[in-house]
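Engineer: I have a structure I would like to understand better, so I am pasting it below and will then ask my questions one at a time.
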Amino acid sequence: MRHSLIVCLPLLAGSLVAQHAPQLLWNGRDLEGWHGQRHVSPYKLSGMTADARAALRAEDDASVAEHWRVEGGELLNDGQGAFLTTDRDYGDAVFTLEYKTVAKADSGIYLRGCPQVQIWDYTEAGGKWNLGADKGSGGLWNNKQEERFPTRCYDRPFGEWNQLQITMVGEVVWVSLNGHVTVGGVRMENYWDRSRPLPRTGPLQLQTHGGEIRFRNLTVREIEAHEADALLAARDAGRYASAFDGATFAGWQGATDNYEIVDGVIRCRPGKGGTLFTLDRYKDFVVRFHFQLPPGGNNGLAMRYPGRGDPAYTGFELQVLDDSAAKYENLKPWQFHGSAYGLQAAHRGYQREVGAWNFQQVTMRGSRVTVELNGYQILDADLSELQSKLKGATGKDNTDGFFGFAGHNDPVAFANIRIRRLED
């Protein structure tokens, strides 16, 4: 029976997308819509009993009442107490706000309950140049592996208002301070557990730390999938070459009869399979694409495929799968979406609903492979350190090969396929 699959081609980077209008994040009058929350892991909070969470909340709300107040249309904190925290959780969004602080102060903006976009005293007299304060505010202070500091300081003098805009898609963050970019599409690491991606949603928090700070004009604009994908695809877009013309199998070989091109996307024919792969070979590369799964859909990415045999054995396969399907509930962890099949499991829970388009990026550099799904890094594996659970599989150590799609009878669709050679 032919599966029904609604094809809605994702917008390419640079396309115009409908946007929600910004909404007030703070009403300018009182603390309605906000509560107190200290520096605490969301994983710890979720593991607490309801009574324990309520007791902690009561303490933090009392702290907010003591250390925060509204004064002349401004939120004022004395530098102490619990952080002012939105009642609502947010996912992909654009936040704007203005802040004004004083010498010696050190603050920041927690995103999804995770620290943080840094705000601090940028002067030498502030005493934190040894920690990077000379580079200014607006950086991802708690990053360890990814970019941490702005390239230069854009803070205004104490007593003046600073304008901050934060855009967040998945874990990827853009920040501008006073109209200057301080973070340009950098992955924000999960301070609470660096072994996993950031939560998909969480509150925005205004940190209190060491000196008076004032906030005003706080807004939020939530981002839908098309805009999120356009932002993700725009990163270094000029360095990628299209691998699919949207109309023909030019540049592809293998199981072309088992795939079809419908409305500008490549789709596996129902009941068919086999490996469709590029004419070009790749060593170190990054591939970006959109994919769409039908209910229970199963496919895979053929990585460094030699052009023969089962790519899970002769190369290695990254799983493309409907993680929500009940028929797959008993699979091994390394069989779910994004996993290096037979090698290492990916983090789950970052797919969009079945039938929606997802944006994925895979980076292959040496023996290391990373998978980013909708802006979240769900896999980071060094294949040289892993032993395949598939008997006879040898392809994980290939140094080059073809890229392709390993069909498994389901009408999984792919679009906007773009590849960047890292050796270029």
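Engineer: Restricting the search to segment 215-240, which residues are under 20 Å from the mean Cα position of the chain (by Cα) and assigned to a helix (DSSP H, G or I)?
Structural biologist: Residues satisfying the conditions are ALA225, HIS226, GLU227, ALA228, ASP229, ALA230, LEU231, LEU232, ALA233, ALA234, ALA237.
For (1) at pLDDT below 95; (2) touching a strand residue (DSSP E or B) at 6+ places or on another chain (Cβ under 8 Å), each residue gets a yes or a no:
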{"residue": "ASP106", "(1), (2)": "yes, yes"}
{"residue": "GLY113", "(1), (2)": "no, yes"}
{"residue": "GLN118", "(1), (2)": "no, yes"}
{"residue": "ASP121", "(1), (2)": "no, yes"}
{"residue": "TRP129", "(1), (2)": "no, no"}
{"residue": "ALA133", "(1), (2)": "no, yes"}
{"residue": "SER137", "(1), (2)": "no, yes"}
{"residue": "ASN142", "(1), (2)": "no, yes"}
{"residue": "PHE149", "(1), (2)": "no, no"}
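Engineer: If we keep just the residues of segment 394-424 that are at pLDDT below 95 and touching a helix residue (DSSP H, G or I) at 6+ places or on another chain (Cβ under 9 Å), which is surrounded by the fewest Cβ atoms within 10 Å (Cβ to Cβ)?
Structural biologist: Top of the filtered list is ASP424.
Engineer: A further question follows. Looking at segment 199-207, is at least one residue in contact with a Gly (Cβ under 7 Å, 6 or more places away or on another chain), of a type in the set (Gly, Ala, Ser) and surrounded by 14 or more Cβ atoms within 10 Å (Cβ to Cβ)?
Structural biologist: Scanning segment 199-207 turns up at least one residue that is in contact with a Gly (Cβ under 7 Å, 6 or more places away or on another chain), of a type in the set (Gly, Ala, Ser) and surrounded by 14 or more Cβ atoms within 10 Å (Cβ to Cβ).
Engineer: Within segment 276-322, count every residue that is part of a strand (DSSP E or B), in contact with a Pro (Cβ under 6 Å, 6 or more places away or on another chain) and of a type outside the set (Gly, Ala, Ser).
Structural biologist: Matching residues across segment 276-322 total 3.
Engineer: Do the conditions hold for SER388, that is, is it assigned to a loop (DSSP other than H, G, I, E, B) and either hydroxyl-bearing (Ser, Thr, Tyr) or outside the structural domain of GLY246 (by TED's automatic domain parsing) (or both)?
Structural biologist: Spelling it out, SER388 is indeed assigned to a loop (DSSP other than H, G, I, E, B) and either hydroxyl-bearing (Ser, Thr, Tyr) or outside the structural domain of GLY246 (by TED's automatic domain parsing) (or both).
Engineer: Sticking with this one: So is ALA55 outside any loop (DSSP other than H, G, I, E, B) and free of Cβ contacts under 8 Å to residues at least 24 places away in the same chain or not?
Structural biologist: So ALA55 passes the test.
Engineer: Does ASP78 satisfy the condition of being within 17 Å of GLN23 (Cβ to Cβ), surrounded by fewer than 21 Cβ atoms within 10 Å (Cβ to Cβ) and at pLDDT 95 or above?
Structural biologist: no
For every residue, the table says whether it meets (1) in the same structural domain as LEU206 (by TED's automatic domain parsing); (2) closer than 21 Å to ARG235 by Cα; (3) touching a residue at least 24 places away in the same chain (Cβ under 8 Å); (4) in a loop (DSSP other than H, G, I, E, B).
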{"position": "LYS104", "(1), (2), (3), (4)": "yes, no, yes, yes"}
{"position": "TYR110", "(1), (2), (3), (4)": "yes, no, yes, no"}
{"position": "VAL117", "(1), (2), (3), (4)": "yes, yes, yes, no"}
{"position": "ASP134", "(1), (2), (3), (4)": "yes, no, no, no"}
{"position": "PHE158", "(1), (2), (3), (4)": "yes, no, yes, yes"}
{"position": "GLN163", "(1), (2), (3), (4)": "yes, no, yes, no"}
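Engineer: Looking only at segment 93-118, count every residue that is crowded, with 21+ Cβ neighbours inside 10 Å and among the charged types (D, E, K, R) and tell me the total.
Structural biologist: Of the residues in that region, 2 qualify.
The values are calculated or read from the model by the stated rules, or taken from the named source; none is laboratory data. Not measured: the values here are computed from a predicted model. Every residue, glycine among them, receives a Cβ derived from its backbone with ideal geometry; neighbour counts consider all protein chains shown.
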